[in-house]
Amino acid sequence: MSDSPSGTRDRQNLPAKKPVETGLRQLEHGRNPGMALDMDWVRRVQANTSAIERRAASLPGRRSVKKDYQAAWLLKAVTCIDLTTLAGDDTAGRVERLCAKARQPVRADILDALGVSGITVGAVCVYHEMIAPAVKSLEGSGIPVAAVSTGFPAGLSPFNLRIAEIEESVKAGAREIDIVISRRHVLTGNWQALYDEMRAFRAACGPAHVKAILATGELGTLRNVAKASLVCMMAGADFIKTSTGKESVNATLPVSLVMIRAIRDYYQATGYRVGYKPAGGISKAKDAVTYLTLIKDELGDRWLQPDLFRFGASSLLGDIERQLEHHVTGTYSAGYRHAMV
Amino acid sequence: MTVKDNFETMAYGPAPESNAEALGWLAERDGRFGYFVNGRFTEPSDGFESRNPANGEVLARLSQAKQADVDAAVDAARRAQPGWQKLGGHGRARYIYALARLLQKHSRLFAVLETMDNGKPIRESRDIDIPLAQRHFYYHAGMAQLMQAELPDRVSLGVCGQIIPWNFPLLMLAWKIAPAISMGNTVVLKPAEYTSLTAMLFADICRQAGLPKGVVNIVTGDGAVGEMIVNHPDIDKIAFTGSTEVGRKIRLATAGSGKALTLELGGKSPYIVFEDADLDSAVEGLVDAIWFNQGQVCCAGSRLLVQEGIADAFYAKLRARMDGLRLGDPLDKCIDIGAIVDPVQLKAITDMVDGNNEGEIYRAQVEIPARGCFYPPTLITGLTPSARLMQEEIFGPVLVGTTFRTPAEAVALANNTRYGLAATLWSENVNLALDVAPKLVAGVVWVNGTNMFDAAAGFGGVRESGFGREGGWEGLSAYTKPAGKTKPLAKIKAFSGDKGPEDALDRTAKLYIGGKQARPDGGYSQAVHGKSGNLLGHASLANRKDIRNAVEAAQGAAGWSKTSGHLRAQILYYIAENLSARDAEFAHRIDALTGKRTGAKEVEASVRRLFTYAAWADKFDGQAHGVPIRGIALAMREPVGVIGAFCPDEAPLLGMVSVMGPAMAMGNRSVLVASEPFPLVAADFYQILETSDVPAGVVNILTGNHAELAPHLAGHLDVDAVWSFSSTDLARTIESASAGNIKRTWVNNGQARDWAGPDAEGRGFLEAATEVKNIWVPYGE
């Protein structure tokens, strides 16, 4: 199977790039198989909150991306968006609109002016019941459907039903499964239980790629975030993801820094690249660029592709569209000039 | 590069900050500057070029001040000073507040000009230098406002000569000018030759603020101009930030001049990473430590000490991070490392690194611009403490390192240096961090962070990193002096005579060293006579070897500095108790020696004074400064170490007790040279010490000739401070000899002090007996 969870790399005919990060061990890039739970490593993990916050706070001042570079970065951000609807009132019609936007996220004339084509979002993310209409709408586009699963968002439904939910969703055509971990395992330090749960979820996914939602806003400390990240990767997560979008605190730069440093450590130790998905709270183009700089500086360029990086976001796309039009015209844009979801 | 190309490469691309406004500001002045004296700019005269180190382009021409120019500046400052002081705290606060606001209004212009002149990245000048400079003026506007209420016994020093370096041109100007003028002083400031432009812009701001003429005067030029300021007879205080080498010259030049002096000098600050640290954050901390301002930072964490078990993993992370640093045009907003300030400095760095043939060198894999002064981030590991690069300041983006095994070894390696400016430690263990921080010989310690600065927390060093603090309450003593007038102190002569002893039973007055009575090394004694010429006894004559022995004994009593204030109080009370029990005998002895009838009063005052310092021993608290981080800066008062003191001649017991008391109370060990004309009290007094549980070596007492002993005690490199209240004016001798290890000095400059009065005890003495160490502890889980 492809080493690209969504197939987006094939779709965009991107060259299979050589990793460019220096100082990192470079092995072949395959899907993370996981490893035995290494408690010595888990216990060693540290995360100094104030230092992490200082790094996160100074980053936007250290990096600046302008003009044509900025336009390119914003387009890259678009290709990394998991366009998402997770509402109780979702209908097939609503999902069809979302999928149409996923195929054509930026107005064609703007893309023409920028000299690029074939820009789509990274994936469409829905609840299980919306998989079928989404798969139908996206047919032929190569855009994968991701489904949230395992009793999303709380993850407290019976374990066998959570496993069954994954299997049903994969059967329905979801190529990516966003699972939620049991926060209680983290909060009580039951790393073995977390590992076993994640292992089971991963197995249930089969060929579908699995994103582990840590719900970082509910884990109490950054140290817990770091440990949970590591345990989920050891158990075979393809991606680690911050939030369901339903917690009171979603993706933040400090949390992201902790998670991507865990990804880096895991890569250095195993040679396997795990993807990263911040979700919730990223709504401005400028924020998206800051996230990309964080990834570029801490993980390296290889992670700036949709097979290893996604934004879980709904309103971000609208702001990026306005910024791109501004880049083309030199005039600030308005929301109604861009197609709604 | 098209958008499509950039989409593939995801490169950063250029992000230049415009320099149009700054160039415009220079052009309006034809790129030529005179001095700022008495509220106006003088006509430009012959001088030197100021270049942009990133591209070698000439930015402006500055004038080289001559003696007449410095004289004019000092004269303007002198004339302005009384009025500025009289304006009062609130009046001054209004102007200083205006300066802060104007700095803020013109913040980007200052930042761009600073970057062009110095070569530092615009990110740093914009986000760090200029905001900190503003903060310093805001903070000290407040200090001016509070001076009258909070410092009622302090007054302005007068005219301050201030000489600042090129690494933080505007920020160092702010650190110097803000506290000085807030306390009612006026200043003559000389910026560094390489970087004078933001000082000129600041002068412009002073005019816009309507600052009274002559309060701030700025002259430009090279070291020769600095010398003119240092040697100017009408300047009351010199404040210098720069190299230890120049600081030492300034100490020598000002010795005996009566000028107050503060020095903020070089460093080789340790950066300690314990095995339980958050390694990624500690690596990132190094970016802020040694790759901040191209490593041209006096307090840069330049000496990496890593616990052995994690060293390889840490170095691997560090090298990877180094490769991610971006080096280039300082005006680019996406640059981490800009240009070295000048080709001269670039050569100095290059030569030092090229001269090293030890350890393993790693240079960051970064692109270096074809022109301009650039040096790549460099790491040299596997060095030993004896390597030159582990001892000497490189002042560039070069980190040197070695490993340690235990916390105790980390402390030993960290302190194995002549410097003592700053230190950084990383550990997630609060017990370890708070145990190690006080043990590090440094004026500033950062826990789990580095290079954190704020106006509310004092900054400055110990050992050869200088003395004095800038910022915080502790910084104000550098710009004030005690209120009140002083009178000259006449030399007090010993009585002479040829009569025999009153008591035929001979007693031998020895020296008191390491808790034992010791005969003088030279084997000489001196006859001591009373007023009527009768022989009172013989006092030992100490020589340089006795000083050596006494200092060694004092160093051996280091445990005293770790005792609790409560224990020290108990011992001081006990001394008082034992002295009181023998009061009549001491009174008689004092009367016999001095030929006066004040002995009983002096003994009584001595007992009181001992009570005072017993009281203070557990009450001279530090502070928790309100710095703008989530965390605290703990201003801890630490003993200076070993204090050598020439005791007052006129009050042989009270004078000695007045010096010994604060030293002991604050945890210092002392070498006291007793009253020269009336030395025999010392021999009685050590008996009191012997019976009062004073640990051996905590107090050592010598008798002898002050002038002969002064150069040896002040020159001893293992003595941390020397005080003199002798009626022999030792100021020049002591201040000159102290330059060897930049020790703290406190001399009377030939002025008298009423030892029975309130000026002879209290905070002034306690401050001299302590160093303020600021320990920054950011927290949060």
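What single numbered condition from (1) within 11 Å of another protein chain (Cβ to nearest Cβ); (2) in a helix (DSSP H, G or I); (3) of a type outside the set (A, V, I, L, M, F, W, C) fails to hold for B:GLY247?
(1)
Within segment B:287-327, take every residue that is in a loop (DSSP other than H, G, I, E, B) and β-branched (Val, Ile, Thr) and give me the one that is farthest from B:THR424 (Cα to Cα).
Once the filter is applied, the top-ranked residue is B:VAL297.
Does segment A:168-200 hold any residues that are touching a residue at least 40 places away in the same chain (Cβ under 8 Å), touching a His at 6+ places or on another chain (Cβ under 6 Å) and either farther than 20 Å from A:SER256 by Cβ or among the aliphatic types (A, V, I, L, M) (or both), and which are they?
Within segment A:168-200, A:SER169, A:LEU194 meet the criteria.
Can you pull out every residue in segment A:316-341 that is surrounded by fewer than 12 Cβ atoms within 10 Å (Cβ to Cβ) and farther than 25 Å from B:THR2 by Cβ?
A:ALA334, A:GLY335, A:TYR336, A:MET340
Okay, residues lined up against (1) in contact with a Lys or Arg (Cβ under 7 Å, 6 or more places away or on another chain); (2) closer than 30 Å to B:GLY762 by Cα:
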position	(1), (2)
B:HIS90	no, yes
B:ASP117	no, no
B:ILE122	yes, no
B:ASP127	no, no
B:CYS160	yes, yes
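Filtering segment B:199-231 down to residues that are closer than 18 Å to B:THR42 by Cβ and of a type in the set (S, T, N, Q), which residue is surrounded by the most Cβ atoms within 10 Å (Cβ to Cβ)?
Looking at the filtered set, the residue picked out is B:ASN217.
Could you check how many residues of segment B:545-565 are of a type in the set (Val, Ile, Thr) and within 11 Å of B:VAL719 (Cβ to Cβ)?
2
Could you tell me which residue of segment B:587-637 is nearest to the other protein chains (Cβ to nearest Cβ), considering only residues that are acidic (Asp, Glu) and surrounded by fewer than 20 Cβ atoms within 10 Å (Cβ to Cβ)?
B:ASP621
If I ask for residues that are under 39 Å from the mean Cα position of the chain (by Cα), in a loop (DSSP other than H, G, I, E, B) and within 14 Å of chain A (Cβ to nearest Cβ), which ones from segment B:1-46 would you list?
Once the filter is applied, which keeps residues that are under 39 Å from the mean Cα position of the chain (by Cα), in a loop (DSSP other than H, G, I, E, B) and within 14 Å of chain A (Cβ to nearest Cβ), segment B:1-46 yields B:GLU17, B:SER18.
Among the listed residues A:ALA226, A:ALA203, A:ALA237, which satisfies the condition of being away from chain B (no Cβ under 14 Å), crowded, with 19+ Cβ neighbours inside 10 Å and out of contact with any His (no Cβ under 8 Å at 6 or more places or on another chain)?
A:ALA237
Mind listing whichever residues of segment A:203-243 are over 20 Å from A:MET39 (Cα atoms) and under 15 Å from the mean Cα position of the chain (by Cα)?
Those that are over 20 Å from A:MET39 (Cα atoms) and under 15 Å from the mean Cα position of the chain (by Cα): A:ALA208, A:HIS209, A:VAL210, A:LYS211, A:ILE213, A:ALA215, A:THR216, A:ASP238, A:PHE239, A:LYS241, A:THR242, A:SER243.
Please determine, by comparing only the residues of segment B:421-459 that are of a type in the set (Val, Ile, Thr) and in contact (Cβ under 8 Å) with a residue 60 or more places away in the chain, which one is surrounded by the fewest Cβ atoms within 10 Å (Cβ to Cβ).
Ranking the qualifying residues of segment B:421-459, first place goes to B:VAL436.
Tally the residues that are closer than 27 Å to B:ILE337 by Cβ, among the aromatic types (Phe, Trp, Tyr), more than 14 Å from every other protein chain (Cβ to nearest Cβ) and over 20 Å from the mean Cα position of the chain (by Cα), restricting the search to segment B:393-447.
0
Restricting attention to segment A:43-58, does a residue exist that is more than 8 Å from chain B (Cβ to nearest Cβ), assigned to a helix (DSSP H, G or I) and under 20 Å from the mean Cα position of the chain (by Cα)?
yes
Looking at segment B:269-286, which of the residues that are surrounded by 24 or more Cβ atoms within 10 Å (Cβ to Cβ) and assigned to a loop (DSSP other than H, G, I, E, B) is nearest to the other protein chains (Cβ to nearest Cβ)?
Here the answer is B:ASP278.
Mind counting the residues in segment B:481-520 that are assigned to a loop (DSSP other than H, G, I, E, B) and either of a type outside the set (Asp, Glu) or under 18 Å from B:ASP729 (Cβ atoms) (or both)?
23
B:THR384 - would you say it is part of a loop (DSSP other than H, G, I, E, B), at negative phi and polar (S, T, N, Q)?
For B:THR384, the condition - part of a loop (DSSP other than H, G, I, E, B), at negative phi and polar (S, T, N, Q) - is met.
With the condition being in the same structural domain as B:HIS529 (by TED's automatic domain parsing) and under 28 Å from B:LYS481 (Cβ atoms), I'd like the strands (runs of 3 or more DSSP E) fully within segment B:677-753 carrying at least 1 qualifying residues.
B:721-724, B:744-747
Report whether or not B:TYR95 is within 14 Å of chain A (Cβ to nearest Cβ), out of contact with any strand residue (DSSP E or B) (no Cβ under 6 Å at 6 or more places or on another chain) and touching a residue at least 24 places away in the same chain (Cβ under 8 Å).
Taking the combined requirement at face value, the residue does not satisfy it.
Could you grab the pairs with beta carbons closer than 6 Å, sequence gap of 6+ or different chains, first residue in segment B:304-322 and facing chain A (nearest Cβ under 9 Å) and over 15 Å from B:LEU383 (Cβ atoms), second one in a strand (DSSP E or B) and aromatic (Phe, Trp, Tyr)?
Between residues of segment B:304-322 that are facing chain A (nearest Cβ under 9 Å) and over 15 Å from B:LEU383 (Cβ atoms) and residues that are in a strand (DSSP E or B) and aromatic (Phe, Trp, Tyr), the close pairs are B:ARG319/B:TYR362.
Cβ-Cβ distance below 7 Å, separation of 6 or more or different chains: which pairs start in segment B:731-755 with a residue that is on the phi > 0 side of the Ramachandran plot and end on one that is part of a loop (DSSP other than H, G, I, E, B) and surrounded by fewer than 19 Cβ atoms within 10 Å (Cβ to Cβ)?
Pairs found: B:ASN749/B:GLY258.
Would you mind finding the one in B:ILE688, B:ILE701, B:ILE643 that is farther than 26 Å from B:GLY471 by Cβ, more than 14 Å from every other protein chain (Cβ to nearest Cβ), crowded, with 24+ Cβ neighbours inside 10 Å and not charged (D, E, K, R)?
Testing whether each residue is farther than 26 Å from B:GLY471 by Cβ, more than 14 Å from every other protein chain (Cβ to nearest Cβ), crowded, with 24+ Cβ neighbours inside 10 Å and not charged (D, E, K, R) leaves just B:ILE701.
Taking the condition at pLDDT 95 or above, β-branched (Val, Ile, Thr) and surrounded by fewer than 24 Cβ atoms within 10 Å (Cβ to Cβ), does B:ILE164 pass?
No.
The values are calculated or read from the model by the stated rules, or taken from the named source; none is laboratory data. From a predicted model like this one, the values you see are computed outputs, not experimental measurements. All Cβ positions, glycine included, derive from the backbone under ideal geometry; neighbour counts span all protein chains shown.
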